[in-house]
1. Going by C-beta contacts inside 10 Å, put A:L11, B:L46, B:L140, A:L60 in order with the fewest on the left.
2. Using alpha carbons only, how many degrees (0 to 90, rounded to 10) separate the axis of helix B:48-57 from the longest principal axis of chain B?
3. Roughly how many Å is it from the Cα centre of segment B:26-92 to that of segment A:70-99, as a whole number?
4. Return the FRET efficiency for the residue pair B:H104, B:A168: r is the Cβ-Cβ distance, R0 is 41 Å, and the value is rounded to the nearest 0.05.
5. Give the long-range amide H neighbours of A:I3: residues separated by 5 or more places, or on another chain, with amide H under 5 Å away, using H modelled in the peptide plane at 1.01 Å from N.
6. Where does segment B:1-94 land on Rg(C-alpha)/(2.2 N^0.38 Å)?
7. List the trypsin sites (Lys or Arg not before Pro) within segment B:100-200 that DSSP assigns to loop and that have no more than 13 neighbouring Cβ atoms inside 10 Å.
8. Put +1 on the Cβ of each Lys and Arg and -1 on the Cβ of each Asp and Glu in segment B:1-92; which of B:A62, B:G38, B:V75 then has its Cα farthest toward the positive end of the dipole?
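Rule-based calculations on the coordinates, nothing more; no lab input. Keep in mind that this is a model prediction, so the values were computed, not measured. Note: ideal-geometry Cβ built from the backbone for every residue, glycine included; neighbour counts use all protein chains shown.
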Amino acid sequence: MSIETGGMSALAVILAMAVVTLATRWGGVFVMSFVPIGYRVKQFIHAMSGSVLVALLAPLAVSGDHGARLALLTTAAIMLVVKKPLPAIAGGILAAALFRQL
Amino acid sequence: MAKEEAALHRLDGALAWEGFKELLPISLFVIVFGAAFGLAATQAGLNEASIIAMSALVFAGASQFAALELWGPQVPFFTLMATVFAINARHLLMGATLYPWLSHHSPAKRYGVMFVASDANWAMAMQAFGRGRPGLGLVLGGGIALWSFWVLGTWLGLHFGNAVQDPASLGLDMVMGCFLLAMVVGGEKNLRMLLIWTMAAGASLLAWRYLPENSHVVVGALAGGLAGLAWGRRSHEH
């Protein structure tokens, strides 16, 4: 089904997008209110929380250009040594920018 | 110990303000993304009111850019909704991971906080919880910072978008990736976590290659969660 985007209907489509997105923001909390939080559930949640980020980053590292990979590598290295996020992020961005100027 | 843990779910104005300030540096970069979105949205043919409304109401960058790909004089409604849902499905997991702390609050507060949950403030909050610090102020205050600058950036993009036509050449497309990676690396590091992350990365890459588009984050995260269950910590916490 296609919808014309003239006039007010563009706004209606955007409202629908907002509702779908809000459902994802609320859905996890809503479902969890029916799940007793035991030791196993805590363990699953704890393992899952770092995994969300790793799963988000893995294709970025594989499909990105060398600049992107260099940026991630630089960030990881600085973070391991200095343990402060801001220099690590700045280093990563700088690495990508410099590499892409070459 | 029990008393310490009970305090982690705390949420008040002061904590939210601290969270706001802590997310300010990354929010400045969010202006650039917002501007890039505003510019791309004008080019896709959306009018000013629609563009601002989308940033303000949807507040989820990746899905908004995806919507532009599908935008035209006509929009395939169900394809668009499915795409938005798939890209934003990671919020479901974020809400679930925050629940142990949100559960101490009234439903109004719980769902109120989740209005502004997104990658950066959620990641900061999880790191704070991991270090024994209260994190919900980071979600709420940090989320308000991210939201404000996302909308502001979008508006700037509408009017001065040409200034950021090529953010990639300045490395700015890597801001969020580097930020999230810094959160991962700054978190708990041991052999068990390494195994969990390997599972998550492997599953995500497989899903990315072979499963429907945009399913990789959820698949990878669930695989990591299952790995954590399979290789549980037996030594302490009991």
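1. Taking fewest neighbouring Cβ atoms as first place, the list is A:L11, A:L60, B:L46, B:L140.
2. On a 0 to 90 degree scale, this one is about 10.
3. Between the Cα centres of segment B:26-92 and segment A:70-99 lies a distance of 28 Å.
4. That pair, B:H104 with B:A168, gives E of 0.45.
5. B:V75, B:F77
6. 1.44
7. Those satisfying the criteria are B:R131, B:K189.
8. In segment B:1-92, that residue is B:V75.
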